[in-house]
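Chemist: I have a structure I would like to understand better, so I am pasting it below and will then ask my questions one at a time.
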Amino acid sequence: MSALTVSPEDVKRVKALGFLNNKGTDNFSGRVLTVNGKITAEQHKCIAEAAELFGNGNITFTTRLSVEVQGIPYEKIDDFRNYVAKAGLQTGGTGAKVRPVVSCKGTTCQYGLLDSFAISEEIHKRFFEGYKDVALPHKYKIAVGGCPNNCLKPDLNDVGIIGQLVPAHDLEKCKGCKKCKIEQACPMHACKVVDKKITRDESICNHCGRCVGKCPFDVVDGKVRGFKIYVGGRWGKKISIGKPLNKVFTDLEEALNVIEKTILLFKDQGIKGERFEETINRIGFENVEKQLLSDDLLNRKEEIINKELLTK
């Protein structure tokens, strides 16, 4: 293993481009962005060719659904970037800014309640690309989950969005069946027959929609389909489960605007070096929720983007 001869300044410079030093060498792992963990066969082939041409032939996958090609010599970094660009791919995803979005396969999953691939691509375009030059107090991670099964752990991200299907009960249609199909279908045991009528404990129900359509008498209907948004989650040396906003958003544009407001709030009121969860704890969740449900942050967008970060 050869010793590292690349200067610390150049190591830092290429890290901003998505190239992480392979410790003790002049080689780097190039982080290729997949937008949301989904790439075409052509792009997959291009990454494999680039790994053989410019790296050591090894490809690894990150927990954030990016692809890393190992063993790229410092002097071949530009060649690598140009090669993958032919397939519409780019490198990056590091630094104190909006990080690449991650998504579950809710679009194709039997439990998916939203088009997670399409939504995450929109988030990538609007916030990862749109805010790529905006410095934040710390890294900022966004995740899209298709349903409350929580496979992707959206609530362990700075902001997470989860698909919702809120059931509505028409009790006049309920026959009080001894073996209630609604009760049997509910994985949370929130639905129970009490005094020959189906009931639902809202404090337990996670709006997964598994009960919708199960009753032969059409007692349950899924009238409200939308999005639950969690803020202030994190995973790593310190762990915090994000808190949900007290609203199911039924309009996608409104939900995306709320995500943008979380970024603006972090830029505006976060202190350099602290995570969003720490900002929320410092200024108070109720205060944060009030701001996210109003339009003041969006109205001040240009001012906030251009202001200096707060420091201790």
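Chemist: Each label point is 7 Å from the Cα along the Cα-to-Cβ direction; what then is the distance between the points at Glu9 and Asn299, in nm?
Modeler: 4.6 nm
Chemist: Right, next: All other residues with a Cβ under 10 Å from the Cβ of Glu121 taken together, and with Lys, Arg as +1 and Asp, Glu as -1, what is their net charge? Numbers along the way, then the final one.
Modeler: Working: positive: Lys38, Lys125, Arg126; negative: Asp115, Glu122.
Local charge sum for Glu121: +1.
Chemist: Quick one: net charge around Gly273, please, counting Lys, Arg +1 and Asp, Glu -1 for every other residue with C-beta under 12 Å from its C-beta. Please list the in-between numbers first.
Modeler: Numbers: positive: Lys139, Lys272, Arg275, Lys312; negative: Glu274, Glu278.
After counting each charged neighbour, the total is +2.
Chemist: Considering the convex hull of the alpha carbon atoms of segment 65-201, report its projected area averaged over all viewing directions, in nm², one decimal.
Modeler: Values: hull surface 48.5 nm².
Dividing the Cα hull surface by four gives the mean projection, 12.1 nm².
Chemist: Using the alpha-carbon atoms, what tilt in degrees (0 to 90, nearest 10) does helix 41-54 show relative to the longest principal axis of the chain?
Modeler: The helix 41-54 is inclined about 30 degrees to the chain.
Chemist: Give me the angle, in degrees from 0 to 90, between the Cα long axis of helix 252-269 and the longest principal axis of the Cα atoms of the chain, rounded to the nearest 10.
Modeler: That works out to roughly 50 degrees.
Chemist: Please compute the length gained on full extension between Ala168 and Leu53, using 0.36 nm multiplied by the number of residues separating them and subtracting their Cα-Cα distance. Numbers along the way, then the final one.
Modeler: Working: separation 115, 0.36 × 115 = 41.40 nm, distance 5.75 nm.
Gain on stretching Ala168 to Leu53: 35.7 nm.
Chemist: To the nearest µm²/s, what D does Stokes-Einstein give for segment 165-225 at 4 °C and 1.567 mPa s, using the Kirkwood radius over alpha carbon pairs as Rh? If you can, show how the numbers build up before the last one.
Modeler: Working: Rh = 11.2 Å.
Rounded, D is 116 µm²/s.
Chemist: Counting other Cβ atoms within 10 Å, which trypsin sites (Lys or Arg not before Pro) in segment 177-218 have at most 11 and lie in a DSSP loop?
Modeler: Numbers: sites: Lys178, Lys179, Lys181, Lys192, Lys196, Lys197, Arg200, Arg210, Lys214; in loops: Lys178, Lys179, Lys196, Arg210, Lys214.
Counting only loop positions with at most 11 other Cβ atoms within 10 Å, the trypsin sites (Lys or Arg not before Pro) in segment 177-218 are Lys178, Lys179, Lys196.
Chemist: What share of the DSSP beta bridges in the chain is antiparallel, in percent to the nearest 5? Numbers along the way, then the final one.
Modeler: On the way: 31 of 39 bridges.
Beta bridges within the chain, antiparallel portion: roughly 80 percent.
Chemist: Let me ask something additional. Run the helix sum for the chain: -39,500 (n - 2.57) per DSSP H stretch of 4+ residues, divided by residue count, reported at 222 nm to the nearest 500 deg cm²/dmol. If you can, show how the numbers build up before the last one.
Modeler: Details: 10 runs with 88 residues, N = 312.
That comes out to -8000 deg cm²/dmol.
Chemist: Follow-up. Report the gain in length on full extension from Thr108 to Trp235: 0.36 nm times residue separation, minus Cα-Cα distance, nm rounded to one decimal. Could the numbers behind the result be given before it?
Modeler: Details: separation 127, 0.36 × 127 = 45.72 nm, distance 2.67 nm.
Stretched out fully, the Thr108 to Trp235 stretch lengthens by 43.1 nm.
Chemist: Given R₀ = 45 Å, FRET efficiency for Glu42-Glu253 by Cβ-Cβ distance, to 0.05? Intermediate results must be reported in sequence, preceding the final value.
Modeler: Working: r = 32 Å, r/R0 = 0.71.
The value I calculate is 0.90.
Chemist: When 1/r is averaged over all different Cα pairs and the result inverted, which Kirkwood radius in Å belongs to the chain? Write out the running numbers ahead of the final one.
Modeler: On the way: mean 1/r = 0.0463 Å⁻¹.
About 21.6 Å, per the Kirkwood formula over Cα pairs.
Chemist: Using only the alpha carbons of segment 8-85, determine the length spanned along each of the three principal axes and report them from longest to shortest in whole angstroms.
Modeler: Sorted largest first, the three principal extents are 36, 24, 19 Å.
Chemist: What cysteines in the chain have no other cysteine with a beta carbon less than 4.7 Å from their beta carbon?
Modeler: So far as the 4.7 Å Cβ criterion goes, Cys46, Cys104, Cys109, Cys147, Cys151, Cys174, Cys177, Cys180, Cys205, Cys208, Cys211, Cys215 stand without a partner in the chain.
Chemist: Let me ask something else. Give me the net charge for the shell around Phe285: Cβ to Cβ below 11 angstrom, other residues only, Lys and Arg +1, Asp and Glu -1. Present the calculation step by step, with values, prior to reporting the outcome.
Modeler: Numbers: positive: Lys243, Arg282, Lys290; negative: Glu277, Glu286, Glu289.
The answer is 0.
Chemist: Can you flag which of Lys175/Lys243; Lys23/Lys132; Lys23/Lys105; Lys15/Lys86 are past 32 Å Cα-Cα?
Modeler: Working: Lys175/Lys243 38 Å; Lys23/Lys132 27 Å; Lys23/Lys105 34 Å; Lys15/Lys86 21 Å.
Pairs exceeding 32 Å: Lys175/Lys243; Lys23/Lys105.
Chemist: Still on this structure, I have one more. Taking the mean number of other Cβ atoms within 10 Å as a proxy for protection, how do you rank 287-297, 252-262 from highest to lowest?
Modeler: On the way: 287-297: 15.8, 252-262: 18.8.
Highest-to-lowest ranking by the protection proxy: 252-262, 287-297.
Chemist: Something else: Find how many whole Å separate the alpha carbon centroid of segment 26-62 from the alpha carbon centroid of segment 211-273.
Modeler: After rounding, the separation between the Cα centres reads 32 Å.
Chemist: Can you work out the FRET efficiency for the pair His189 and Cys151, with r the C-beta to C-beta distance and R0 = 22 Å, to the nearest 0.05? All intermediate terms of the calculation are to be shown ahead of the outcome.
Modeler: On the way: r = 20 Å, r/R0 = 0.93.
Given R0 = 22 Å and the Cβ-Cβ separation, E is 0.60.
Bear in mind that the values in this text are calculations on the coordinates, not laboratory data. Everything quoted here is computed from the prediction, not taken from an experiment. A quick note on method: Cβ atoms are made from the backbone with ideal geometry, for glycine too, and the neighbour counts reach across all protein chains shown.
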